[in-house]
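Here the structure is laid out as structure tokens; the discussion comes afterwards.
No value in this document is a laboratory result; all are computed from the given coordinates. Here the structure is a predicted model, which is why all the values come from computation and not from measurement. Glycine gets a Cβ as well: all are built from the backbone with ideal geometry, and neighbour counts include every protein chain shown.
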Amino acid sequence: MNFKGKAVPITQQGFDAATKLLEAGAAELWALLTVETQGCGYLSDRRPVILFERHVFHHQTGGAHDESNPSISNPVPGGYQGGAAEYGRLEEAMCLNEHAALNSASSPHGESVRSWE
């Protein structure tokens with residue numbers, strides 16, 4: 001799958017809409033963006049920053065891959081590699097169960113990758 005998009009910076013209009021939607025002030029939204037996206041929500045190749053959640057994959061598949069693939073299917077959260085390496089973990093999981101894998105990857109602020117489809 002190609003997860004690359006336009007990756008354009010948020011506009012002032014978009015920022016204002018987000019503060020209104022979230023019922024938050026500008027300082028709170030900037031704090032959220034800075035902490036949750038480490039300053040930017042995209043990798044240098046324009047793919048969104050994601051986290052592959054192995055404990056979610058474990059839950060989604062009933063632990064069917066825990067023994068054979070503990071780094072991507074495990075009841076315990078963790079194993080994050082960060083950056084582009086998270087896509088490698090996602091692709092590995094997609095080979096086992098695409099639906100569960102996509103449901104197990106999220107942006108650092110919690111949005112499911114599946115919602116990008």
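Taking the fewest neighbouring Cβ atoms within 10 Å as the starting point, the ordered list for 45, 66, 16 is 45, 16, 66. For segment 48-110, GluC sites (Glu not before Pro) meeting the loop criterion (DSSP other than H, G, I, E, B) and having at most 10 other Cβ atoms within 10 Å: 67. Is the C-alpha gyration tensor of the chain telling us rounded, prolate or oblate? Criteria: a/c under 1.5 is rounded; beyond that, a/b larger than b/c is prolate, otherwise oblate. In terms of gyration-tensor shape, prolate.
Between residue 3 and residue 80, what is the FRET efficiency for a Förster distance of 22 Å, r being their Cβ-Cβ separation, to the nearest 0.05?
0.80
In the chain, taking the dipole from charged Cβ atoms about the Cα centre, the farthest positive-side position among 103, 49, 12 is held by 12. Largest GNM mean-square fluctuation across 85, 26, 101, computed for the chain with C-alpha springs under 10 Å, falls on 26.
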